[in-house]
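Dropping the structure in here first, questions after.
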Amino acid sequence: MTIRYPDILDYAFPQGRQSYGPKDCILYALGTGFGRDPLDPDLLRYVYEKDLQVSPSFASVLGENTDWSSDPQLGLTTSGLLHGEEHLVLHHPLPVSGEIRCHTRFSEVFDLGVNRGALLVMDRRIETAKGQLLAELRRIEFARADGGFGGPAPGRGRVELAALAAMPDRKPDRQIVLDIDPAAPLIYRLSGDLIAIHVDPEAARQAGFHRPILHGLSTFGFCCQAVLSAAGYDRARLARIGARFTAPVFGGDRLAINLWALEGRQILFEASVPGRQTTVIRGGYANLREARSWTSKPH
């Protein structure tokens, strides 16, 4: 199959609609490590329905539907798809329950060349059923097997890719070490991403991995948790967060997340698996609001 450019930019994603409640929020939190210490009150409020808080990165799975990747009109090799980057802007705290709708589109598809792959730039708006904007995300998927279709190279398309944030040349201000439960991929997939490489050993081997890999967005959620630790676990303070995925994480890995605090309530972060001497997240950034700065609630 071959990507048809520029036709792919007109691909009509079905409008995403989803009703969710406390159990969905808790399941997501468990798939991103919030249950690691059930005696920690800061973590408990993300996994216990009493005074439940919703992780901001839960927005990354709202309206999630991976069926688009196998639509033959896109011409994609689904076994070669990997999550490249995620960028999330939070406009309002996510409610514990409600109905959302989302609008997704391809903003650009970059051609890296034959045998080098393609970058699919996807933008999504997430709104309440009444139309209030909750969050916006930009997702970049790396299609490893689909380059050479005649599309624009990065820097020449309809959108400009953000430069990777550079980490300060000093020791991190904080390091958060999180153990990834071996069952984490099995738990996280129940939040919407049912692609087989995260659960089926044979599918993972065919994709070039020795075992099923953790979802990149689960790793993203672990990093969001680390950023929240620098904000007193106050979810309302997170305004935006983004990162690039550079290597897979597996269930059972130990994840070390380094955080640097900058002026203007900005935090930079990277994540690695020390046991494999592998950096898995690069260019991570987050912006925090002042405490209790949000005055309106989503409806």
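The values are calculated or read from the model by the stated rules, or taken from the named source; none is laboratory data. Owing to the predicted nature of the structure, the values given are computational and were not obtained by experimental measurement. So basically every Cβ, Gly included, is an ideal-geometry build from the backbone, and we count neighbours across all protein chains shown.
Is it true that LEU119 is within 15 Å of GLY84 (Cβ to Cβ) and surrounded by 14 or more Cβ atoms within 10 Å (Cβ to Cβ)?
So LEU119 passes the test.
Listed here are the residues, each with its yes/no results for (1) out of contact with any Asp or Glu (no Cβ under 7 Å at 6 or more places or on another chain); (2) buried (at least 17 other Cβ atoms within 10 Å of the Cβ); (3) hydroxyl-bearing (Ser, Thr, Tyr); (4) assigned to a helix (DSSP H, G or I).
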| site | (1), (2), (3), (4) |
| --- | --- |
| ASP24 | yes, yes, no, yes |
| LEU39 | yes, no, no, no |
| ASP67 | yes, no, no, yes |
| VAL96 | yes, no, no, no |
| ARG101 | no, yes, no, no |
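Only one of (1) of a type in the set (S, T, N, Q); (2) more than 23 Å from LEU27 (Cα to Cα); (3) modelled with pLDDT under 95 is not met by SER191, so which one is it?
Here SER191 meets the rest and fails (2).
Could you give me the residue pairs with C-beta distances under 8 Å whose first residue belongs to segment 201-230 and is farther than 16 Å from SER57 by Cα and touching a residue at least 60 places away in the same chain (Cβ under 8 Å), whose second residue is outside any helix (DSSP H, G or I) and of a type outside the set (Gly, Ala, Ser) wherever it lies, and which are 6+ apart or on separate chains?
ALA203/PRO212
Let me ask something additional. Is segment 55-67 home to any residue that is β-branched (Val, Ile, Thr), within 26 Å of ILE197 (Cβ to Cβ) and in contact with a Phe, Trp or Tyr (Cβ under 9 Å, 6 or more places away or on another chain)?
Yes, some residue in segment 55-67 is β-branched (Val, Ile, Thr), within 26 Å of ILE197 (Cβ to Cβ) and in contact with a Phe, Trp or Tyr (Cβ under 9 Å, 6 or more places away or on another chain).
Look at segment 103-116 and say how many of its residues are surrounded by fewer than 19 Cβ atoms within 10 Å (Cβ to Cβ), assigned to a strand (DSSP E or B) and aliphatic (A, V, I, L, M).
1
Sticking with this structure for a sec: For LEU52, state whether it is over 19 Å from the mean Cα position of the chain (by Cα), part of a loop (DSSP other than H, G, I, E, B) and over 20 Å from ARG138 (Cα atoms).
Considered against the rule, which asks whether it is over 19 Å from the mean Cα position of the chain (by Cα), part of a loop (DSSP other than H, G, I, E, B) and over 20 Å from ARG138 (Cα atoms), LEU52 comes out as yes.
Taking segment 182-191 on its own, how many of its residues are among the small types (Gly, Ala, Ser) and either within 17 Å of PRO56 (Cβ to Cβ) or not in a helix (DSSP H, G or I) (or both)?
2
Could we say that GLY148 is of a type in the set (Gly, Ala, Ser), in contact with a Leu (Cβ under 9 Å, 6 or more places away or on another chain) and part of a strand (DSSP E or B) here?
It is false that GLY148 is of a type in the set (Gly, Ala, Ser), in contact with a Leu (Cβ under 9 Å, 6 or more places away or on another chain) and part of a strand (DSSP E or B).
Moving on. If you check LEU161, LEU178, LEU137, LEU194, which single one turns out to be surrounded by 14 or more Cβ atoms within 10 Å (Cβ to Cβ) and outside any strand (DSSP E or B)? Can you show your working first?
Details: LEU178 fails: outside any strand (DSSP E or B); LEU137 fails: outside any strand (DSSP E or B); LEU194 fails: surrounded by 14 or more Cβ atoms within 10 Å (Cβ to Cβ).
Among LEU161, LEU178, LEU137, LEU194, only LEU161 is surrounded by 14 or more Cβ atoms within 10 Å (Cβ to Cβ) and outside any strand (DSSP E or B).
Specify which of the listed residues (GLY242, GLY221, GLY216, GLY208) is buried (at least 23 other Cβ atoms within 10 Å of the Cβ) and within 20 Å of LEU120 (Cβ to Cβ).
Of GLY242, GLY221, GLY216, GLY208, the one residue that is buried (at least 23 other Cβ atoms within 10 Å of the Cβ) and within 20 Å of LEU120 (Cβ to Cβ) is GLY216.
Please specify each residue of segment 143-155 satisfying the condition of being surrounded by fewer than 22 Cβ atoms within 10 Å (Cβ to Cβ) and among the hydrophobic types (A, V, I, L, M, F, W, C).
Once the filter is applied, which keeps residues that are surrounded by fewer than 22 Cβ atoms within 10 Å (Cβ to Cβ) and among the hydrophobic types (A, V, I, L, M, F, W, C), segment 143-155 yields ALA145, PHE149, ALA153.
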